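Working notes, beginning with the structure itself.
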Amino acid sequence: MKPHNPREAAEEFVASEELRTGISAAPTSTIAAAVPEPLDVPESALSHRQIITILIGLMTGMFLASLDQTIVATAIRTIADDLQGLQHQAWATTAYLITSTIVTPLYGKLGDIYGRKKLFTIAISIFIVGSVLCTFATSMGTLAIFRAVQGLGAGGLFSLALAIVGDIVPPRERAKYQGYFLAVFGTSSVIGPVIGGFLAGQDTLLGLTGWRWIFLVNVPIGIVALVVVGRTLHLRHQRLDHRIDWLGAALLSVSLVPLLLVAEQGREWGWASGASLTCFIVGALAGLAFLWQEWRMGEEAILPLMMFRNKTVGVSSLASVLIGIAMFGGLASIPLYLQIVKGATPTQAGLMLLPMTLGIMIGSILSGQLISRTGRYRRFPIIGAGLLTVSLFAFHYVHYDTPLWQTMTIMVFFGIGLGFNFQPLTLAVQNAVPPQQIGVATATATFTRQIGGTIGTAIFLSILFARIPETISAAMAKIMPTAEFQAALKEPANAEFARELAASQKGSGSAVGGILNDSSFLTGLDERLARPFLMGFSDAMDTVFLVGSGVMVLGFLVMLLLPHVELRSGSAYDERDAAERDPAEAEAISS
């Protein structure tokens, strides 16, 4: 085998010259010493200690993003009520998901060109800027815009971190290290709701409305993340030149935004109105143009269509879209149920979601350990998809008076289903492509899940708020004639509500009142009078979960098509180095 190290090459050259000429040359060590050691090509795989050092840098960035998600999710009702736009809260989430989805594959390509550490640092910086802007939002519209800026940074935090892990850790051993990432998500899931609930519960704090600190708190955390990443994330970069598919990114934006706009506003415009039809047409044409552009760009596309010819990538991507739709629909709806129907504060709602977090950790750890031992991953996404289907269908039977322990039990199984899908699907995609495509493949896996999440959040919250007027009116018609409700109306303490209810019925004929804009009035309302609102809201959510379970039935059927590909024993770095030295050795490492 030819020497692959410059020092060895120098020694062989000197030795061959001595044999050919018979003239003694300078000591080989002297000449070899003059040959600089390459700094970007290690002579062996990274040690456990080196991997842990790199993971510390990755975890700080991921902690920043995951903490923001748990804080915002538990406080979004308070934020929306204060900004008078509860029914428009979907935009604060979907705007974030749209931008993070679009830039995710761009980060994969740019990371290949300029280095993942540099892009990881840029992503954190953009996220910090977006957080500062969110602090000063004055309406749900401006908050959505600033959340979109946050998403530009968030799109790189998860995809780049997962790509870096795919670079340095062999697929067979990757599951061993996911416990560290679980610690990040577990910690953020515990302290996020507590911090978010505390801040959202403050009227003012240092001159700012309490919920605004939910975004401002990201700034010191982000600065710490930048420092830690700079000191610990030592990566060698092997440049892979790419053309950047800017037109593809633009067309993807033009296709997504109109479709999400009509999903959000269609119930007000009318699904067959001129505005809705315009959005449908623009979105469809842009979507076709996007597919044409991706076909034209080939391997340089923002979403390489050739990659989907790989059955593992194709099945995993379609399954990820469907799982993303169901997952984000559930994650957006459950906190609302806990706060509006069960009357939980943001802090309490966050802590009530811990059973789901526990389920995610159980599913991730269990699947990770078994994959590491057996090298087989296919069964876990299939079982996970089945659990998600059953859990969403079970949520369909949760009503306003369902005991919390029953709801939390379903949360555990919902979380296990998510845990069985997160790591194995990403692992399957990374394992199915050549090491040179790790960045793009990881970005594609994250991209497809976020596409589903963006669609699911917009559609499910649209279904929810479209159904609420009907379900509350039906509940009001059922409960209002009862003696208990009428007695409560006659009490002096409820006189103001009685007048508002009478005016509402005489005016629009709807008893919904202002719940679509501000649900906070339910907090101090007599429980007898609040019951039809709580029942109606819960009934509307039943529809959301029923549709979600239907989506997951499709997801389960798609998951059955997932093939099993033997997990490679070498990391992407090892395989790239081996390919440069000897193709036969590369083949041995990848097997």
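The values are calculated or read from the model by the stated rules, or taken from the named source; none is laboratory data. Computed from a predicted model, the values in this text were never measured in an experiment. Note that we place each Cβ from the backbone using ideal geometry, even for glycine, and neighbour counts take in every protein chain shown.
Please verify whether Ile459 is in contact with a Ser or Thr (Cβ under 9 Å, 6 or more places away or on another chain), in a helix (DSSP H, G or I) and of a type outside the set (Phe, Trp, Tyr), treating the condition exactly as stated. No, not satisfied.
Being assigned to a loop (DSSP other than H, G, I, E, B), crowded, with 22+ Cβ neighbours inside 10 Å and either assigned by TED's automatic domain parsing to the domain that holds Thr457 or modelled with pLDDT under 80 (or both) is the requirement here; does Leu303 meet it? Give the steps one after another, and end with the answer.
On the way: assigned to a loop (DSSP other than H, G, I, E, B): yes; crowded, with 22+ Cβ neighbours inside 10 Å: yes; either assigned by TED's automatic domain parsing to the domain that holds Thr457 or modelled with pLDDT under 80 (or both): yes.
For Leu303, the condition - assigned to a loop (DSSP other than H, G, I, E, B), crowded, with 22+ Cβ neighbours inside 10 Å and either assigned by TED's automatic domain parsing to the domain that holds Thr457 or modelled with pLDDT under 80 (or both) - is met.
Only one of these is small (Gly, Ala, Ser) and either modelled with pLDDT of 75 or more or surrounded by fewer than 21 Cβ atoms within 10 Å (Cβ to Cβ) (or both): Gly197, Gly166, Gly230. Name it.
Values: Gly197 fails: either modelled with pLDDT of 75 or more or surrounded by fewer than 21 Cβ atoms within 10 Å (Cβ to Cβ) (or both); Gly166 fails: either modelled with pLDDT of 75 or more or surrounded by fewer than 21 Cβ atoms within 10 Å (Cβ to Cβ) (or both).
Result: Gly230 is the single residue among Gly197, Gly166, Gly230 that is small (Gly, Ala, Ser) and either modelled with pLDDT of 75 or more or surrounded by fewer than 21 Cβ atoms within 10 Å (Cβ to Cβ) (or both).
Out of contact with any strand residue (DSSP E or B) (no Cβ under 8 Å at 6 or more places or on another chain) and either under 30 Å from Gln369 (Cβ atoms) or outside the structural domain of Asp68 (by TED's automatic domain parsing) (or both): is that true of Val169 in this structure?
yes
Remark: pairs (first residue in segment 332-343, at negative phi; second residue among the aromatic types (Phe, Trp, Tyr) and crowded, with 23+ Cβ neighbours inside 10 Å; Cβ separation under 7 Å; 6+ apart in sequence or on different chains) = Ala332/Phe460; Ser333/Phe460; Ile340/Phe537; Val341/Phe537. Of all residues in segment 529-571, exactly one satisfies the criterion of being modelled with pLDDT under 85, farther than 23 Å from Ile463 by Cα and part of a helix (DSSP H, G or I), namely Leu529.
For segment 462-505, which residues satisfy the criterion of being assigned to a helix (DSSP H, G or I) and among the polar types (S, T, N, Q)?
Within segment 462-505, the first condition is being assigned to a helix (DSSP H, G or I), and the residues that meet it are 462-479, 483-490, 492-505.
Hits for segment 462-505 are Ser462, Thr471, Ser473, Gln486, Asn494, Ser504, Gln505.
Scanning segment 455-478 turns up one or more residues that are farther than 30 Å from Leu318 by Cβ and charged (D, E, K, R).
Among residues of segment 388-413 being among the β-branched types (Val, Ile, Thr) and not in a loop (DSSP other than H, G, I, E, B), the one that is surrounded by the fewest Cβ atoms within 10 Å (Cβ to Cβ) is Thr409.
Output the residues belonging to segment 408-439 that are of a type in the set (Val, Ile, Thr) and at pLDDT 75 or above. Thr409, Ile410, Val412, Ile416, Thr426, Val429, Val433 - these are the residues of segment 408-439 that are of a type in the set (Val, Ile, Thr) and at pLDDT 75 or above.
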